[in-house]
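What follows is calculated from the coordinates using simple rules that are stated; it is not laboratory data. Just so we're clear, the structure is a prediction, and the values are computed from it rather than from any experiment. Because the Cβ atoms are built from the backbone with ideal geometry, glycine has one as well, and the counts that use them run over all protein chains shown.
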Amino acid sequence: MDENCIFCKIVNGVIPSKKIYEDEAMIAFFDIKPMARVHLLIVPKLHLETLKDCDGSHQALLGKMLLLAPVLAKEHGLSGFKTLINTGREGGQEVFHLHMHVFGGGLTGS
Ligand code: AMP
Ligand code: ZN
């Protein structure tokens, strides 16, 4: 847990979220500023700042994160969806705790 990390705080229940999934390794919740009718974030519980900080030891974790996307998308009525992992400031990353966006049902443009 990183004391200053907003997603670690969500993982630990220190700040609330609209949680839709949780297991021993992963949590998923609705994005607070949705850019699509359905906009989910899939977040490993382990604090890794970016995809650049992953190595072979995180292979199973990354696989879990990917495989959760179609399951949660289906649960939210999506037959298709987009996924996005922003990496680093230049990559548009704002929260430095690895996460994957899942969008579907039409972008809202905000
Ligand atoms: P990124 O640019 O990939 O780092 O995206 C971070 C995402 O986290 C943005 O889409 C934010 O709207 C979202 N976000 C930030 N704080 C929260 C929060 N407390 N609960 C849910 N989503 C959040
Ligand atoms: Zn964190």
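Taken over the range 20-42, the criterion of being in a strand (DSSP E or B) and more than 16 Å from ligand 2 (Cβ to nearest atom) is satisfied by ILE20, TYR21, PHE30, ALA36, ARG37, VAL38, HIS39, LEU40.
The set of residues in the range 29-46 that are over 13 Å from ILE85 (Cα atoms), crowded, with 17+ Cβ neighbours inside 10 Å and without any contact (Cβ under 8 Å) to a residue 60 or more places away in the chain comprises PHE29, LYS45. For the range 2-20, the candidate set comprises residues that are in contact (Cβ under 8 Å) with a residue 40 or more places away in the chain and surrounded by 15 or more Cβ atoms within 10 Å (Cβ to Cβ); within that set, the residue that is farthest from VAL71 (Cα to Cα) is CYS5.
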